[in-house]
Amino acid sequence: MDAAMFSIGNSSSASDNETVVIASNEDLYSYAERVVAAVICSIICIFGSIGNSLVIIAVLLSRKLHTPPNVFVVSLATADLLTSLFLIWDVVALLSSDGWPLPNAKWLCTMTSFVIFVCIGTSLSNLAAISLNRYILITKPYRTYQRIYSPVNIGLMVIFTWICPNLLSLLLSLTKIVGFGYNRKYFICCHFGQQPEDELLFILSDVLLIFIVLVVVVLSYIFVLKHVRQHFKGKRRREVQGIVMQASTSGNDTERQDRQRSTTAENSISQPDPSGQPIRRRENYKDLQVTKNLLLVVVVFFVCFLPYSFLIIFPRSDSFHLYAILLALMNSCVNPVIYARRHPHFKIVLSAMIKCQYQNIPEPTGIAKRFFSRGINPIL
């Protein structure tokens, strides 16, 4: 980041410095570009607000969705919903011709930048929690999974995913490493480095968290993939052994053949895999399908955020910075589309909600039954 940007967060900056910053803004982005950015922000705001609200309501309406990973999905949707709602103030900032257009309500811009920063950190924490959840579910005995993901522990984990980003944001703000408010360089409400000497710490505050979560996610899914491959290799080997045994006893009576086939099928489910972990019935197609879809959510998040992470490292990339921010914010409205198209459980519930066919919602909750009995549309 150049010195002009850092002068924004310094309350002692002279007016001539601010004039230089505004002039550099006009060279950096034209008003037409900012109008396009405002339109994109408006689309993210509308679709993100509607989509994430539907995800949260879906969990409230169906007990089928009351699973440990979906607790983190709801937490993630809540963070995306808040991001989408507060983006309206970025639209206001982008359309302003000279500075923040509401001088008596600067706190709105400060709160917007703070909330979005916290919600992005919360999203990262929830993605890490989702990845660890899938790792433990797939690779560990089910009793271990139940012990770790008890209702109390899940509640503490969700609280942790929200408290840590809030504490980090407050720490960075109180130490004046990062400021929150209107950024004259990009015409949006966002966080920025307060002083040039804190440039390295400012970059680390953005990049380090993303890198740490990326490592956790990658390792978790690598171990899941390794475990699944070992399981299916062992299953294929047992099937081949069963076929050989069946061929060698082809002269026996029908009852013995049936007993052999039953034993082979039973072994293919209950025998331990090469890693020594028991293969549970719970590791069926839907478990793996859910895991793949949640992996897709993680991949989309990092595809959206990695360009931003790379660009803030290179000070001369300012002309692309606003577009990288928009790509990162776009992630807030993508996840509901993934759930609606690919998640085996969310797909059914969201489809029934959108079509107003509430009788098709599987395992409706008490809240859903009360709404339906009164003829109330819970979406409205």
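The values are calculated or read from the model by the stated rules, or taken from the named source; none is laboratory data. All figures in this text were calculated on a predicted structure; none of them were measured in a lab. Neighbour counts run over all protein chains shown; Cβ positions are idealised from the backbone, glycine included.
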Subject >> Near pairs, Cβ below 8 angstrom, 6+ apart or cross-chain, from region 148-159 (more than 16 Å from Arg134 (Cβ to Cβ)) to any residue that is among the aromatic types (Phe, Trp, Tyr) and in a helix (DSSP H, G or I) >> reply: Val158/Phe72
**OP:** Provide a single number: the residues in region 51-64 that are β-branched (Val, Ile, Thr) and touching a residue at least 60 places away in the same chain (Cβ under 8 Å).
**Re:** 2
Original post:
Across region 310-336, which residue is farthest from Ala79 (Cα to Cα) among those that are modelled with pLDDT under 85 and outside any helix (DSSP H, G or I)?
Top reply: Phe314
**OP:** Take region 340-352 and flag every residue that is crowded, with 21+ Cβ neighbours inside 10 Å, among the hydrophobic types (A, V, I, L, M, F, W, C) and farther than 15 Å from Arg63 by Cβ.
**Re:** Leu350
Subject >> Sole residue being aromatic (Phe, Trp, Tyr), over 30 Å from Val35 (Cβ atoms) and touching a Pro at 6+ places or on another chain (Cβ under 8 Å), chosen from Tyr142, Tyr135, Tyr149 >> reply: Tyr149
**OP:** For region 133-153, enumerate the residues that are surrounded by fewer than 19 Cβ atoms within 10 Å (Cβ to Cβ) and either under 17 Å from the mean Cα position of the chain (by Cα) or among the small types (Gly, Ala, Ser) (or both).
**Re:** Ser150
**OP:** Confirm whether Tyr31 is more than 21 Å from Tyr308 (Cα to Cα), out of contact with any strand residue (DSSP E or B) (no Cβ under 7 Å at 6 or more places or on another chain), hydroxyl-bearing (Ser, Thr, Tyr) and buried (at least 19 other Cβ atoms within 10 Å of the Cβ).
**Re:** no
**OP:** For region 77-99, state whether one or more residues are without any contact (Cβ under 8 Å) to a residue 12 or more places away in the chain and surrounded by 15 or more Cβ atoms within 10 Å (Cβ to Cβ).
**Re:** yes
Subject >> The listed residue being over 18 Å from Tyr186 (Cβ atoms), part of a helix (DSSP H, G or I) and modelled with pLDDT of 85 or more, out of Lys292, Lys369, Lys286, Lys347 >> reply: Lys347
